[in-house]
Amino acid sequence: MRSRSQRVVIPTGDVQWVVIDSHGEIVQPILEYLEYLGNLERSPNTIRSYAGNLAKFWEFLESSDMDWRLLQLENLAEFMAWLRNPEPSVVPVNSKVSIRAESTVNRFITVIYNFYEFQRRSGAIAGIDGYDYKQLPKRRYKPFLHHVTKGNASKVKRLKLREPRRLPKVLTQAQVRTILASCKHLRDKLLITLLYETGMRIGQALGLRHEDIRSWDNEILIVPRNDNVNRARAKTDTEYVIHTSSNVMSFYSAYLVDEYPSEIDSDYVFVNIWAGARGMPMNYEGSRALLLTLRRRTGIYFNWHMFRHTHATSLLQHDWNMALVQKRLGHKSIQTTIDTYAHLDDKDMRRAHQQFLEKWQQH
């Protein structure tokens, strides 16, 4: 039996993720770290992802007969190679082929670094010296909290694969129509339309309250809350408004009139009606179950975040300013928006060049 991550429900009713080793025992140091993340109110999706990454790391340790407390930097490099090819006895025909992308391996390493940093601060181990400090050029200004860094230097990971530039995956309008047509309930159609037409995160949608919907102005207020019953996270520190279409509000009104049970008294927009605890707010697990159902019905592979990418890409293709896209998506920094969406594909480049030629030839 291999190490694996597992979802458990504790006596309080909350969901806890644990890692089970090859002997069927809970890995205590990982459990302590995951509980720490929970206490920091990290997103349930983040904790689930970390648990999966750490389970794979524990599988590597056990297969190598290695004590986690004695891990060295070279062992971490071996883990990176193992992630790319976990069956070392099998020599791939094409040496460039790997079962995991460079970005995926780098995310694994970030999780491992964070895990060991937690253990170091807890006094369990000495830690891993996984970072170098790179000297920065002199600047006329000093960044906030510059005094806590090692002089004029930035922290750089020692182990990191070079990642090829990849465009965010988006959906076509035909695919979105197919997904909408496969929905059997207005609630689900509202969720799809909301994500597609506003670029909201799934956590923001699940955390929506009726008071956040301003149907008279076609506006939706994004409010960061730490007390959501379903543990939904807005992933923003400040409130902001998203302007939407009457189409979204029409779906919302129809959903309230035709599907929202009259006996349910809930502040949340998206609630369980046909599955789960009736009347309780829809959670990440419920949204994932819906996602898998829609994938199966349509044969289209997609995730909730692809609607956000699709929306942002569409805005840029229709000549939205990058700063406006940043505000609409709720990014803290415009650099995040630029890094994610500034690299459009050849069709976009061709269209932009054609528009330039048409205007240039008019002069």
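Quick check on R231: is it under 16 Å from the mean Cα position of the chain (by Cα), open to solvent by 60 Å² or more (accessible area, probe 1.4 Å) and over 25 Å from L171 (Cα atoms)?
When the stated conditions are applied, R231 passes them.
I'm checking my understanding of the structure. Among residues of segment 32-55 that are open to solvent by less than 50 Å² (accessible area, probe 1.4 Å), assigned to a helix (DSSP H, G or I) and not aliphatic (A, V, I, L, M), which one is nearest to Y284 (Cα to Cα)?
The selected residue is P44.
I'd like the full set of residues that are open to solvent by 20 Å² or more (accessible area, probe 1.4 Å) and at pLDDT 85 or above, limited to segment 107-138.
R107, T110, N114, E117, F118, R120, R121, S122, G123, A124, I125
Can you tell me how many residues within segment 241-259 are assigned to a loop (DSSP other than H, G, I, E, B) and either open to solvent by less than 30 Å² (accessible area, probe 1.4 Å) or touching a residue at least 60 places away in the same chain (Cβ under 8 Å) (or both)?
Total satisfying the criteria: 2.
Return the pairs, sorted by first residue and then second, in which the second residue is open to solvent by 50 Å² or more (accessible area, probe 1.4 Å) and part of a loop (DSSP other than H, G, I, E, B), the first residue lies in segment 206-223 and is on the phi < 0 side of the Ramachandran plot, the beta carbons are less than 8 Å apart, and the residues are 6+ apart or on different chains.
Filtered contacts from segment 206-223: L206/N283; R209/D267; H210/D267; E211/D267; L221/E239; I222/E239; V223/E239.
Pairs please, first residue from segment 12-31 and farther than 24 Å from E285 by Cβ, second anywhere and at pLDDT 90 or above and surrounded by fewer than 17 Cβ atoms within 10 Å (Cβ to Cβ), Cβ atoms under 6 Å, 6+ apart in sequence or on different chains.
S22/E62
Yes/no per residue for (1) over 18 Å from G203 (Cβ atoms); (2) modelled with pLDDT under 95; (3) in contact with an Asp or Glu (Cβ under 6 Å, 6 or more places away or on another chain):
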{"position": "E263", "(1), (2), (3)": "yes, yes, no"}
{"position": "A277", "(1), (2), (3)": "yes, yes, no"}
{"position": "Y284", "(1), (2), (3)": "no, yes, no"}
{"position": "I300", "(1), (2), (3)": "yes, no, no"}
{"position": "S314", "(1), (2), (3)": "yes, yes, no"}
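Within segment 288-317, how many residues are open to solvent by 30 Å² or more (accessible area, probe 1.4 Å), in contact (Cβ under 8 Å) with a residue 12 or more places away in the chain and not in a helix (DSSP H, G or I)?
1
The values are calculated or read from the model by the stated rules, or taken from the named source; none is laboratory data. If you're wondering where the values come from, they're calculated on a predicted model, not measured in any experiment. Neighbour counts are summed over all protein chains in view; Cβ atoms, including those assigned to glycine, are modelled from backbone coordinates with ideal geometry. Heavy atoms of the whole protein, side chains included, go into the accessibility calculation; ligands, DNA and RNA do not. Shrake-Rupley method; radii C 1.70, N 1.55, O 1.52, S 1.80 Å.
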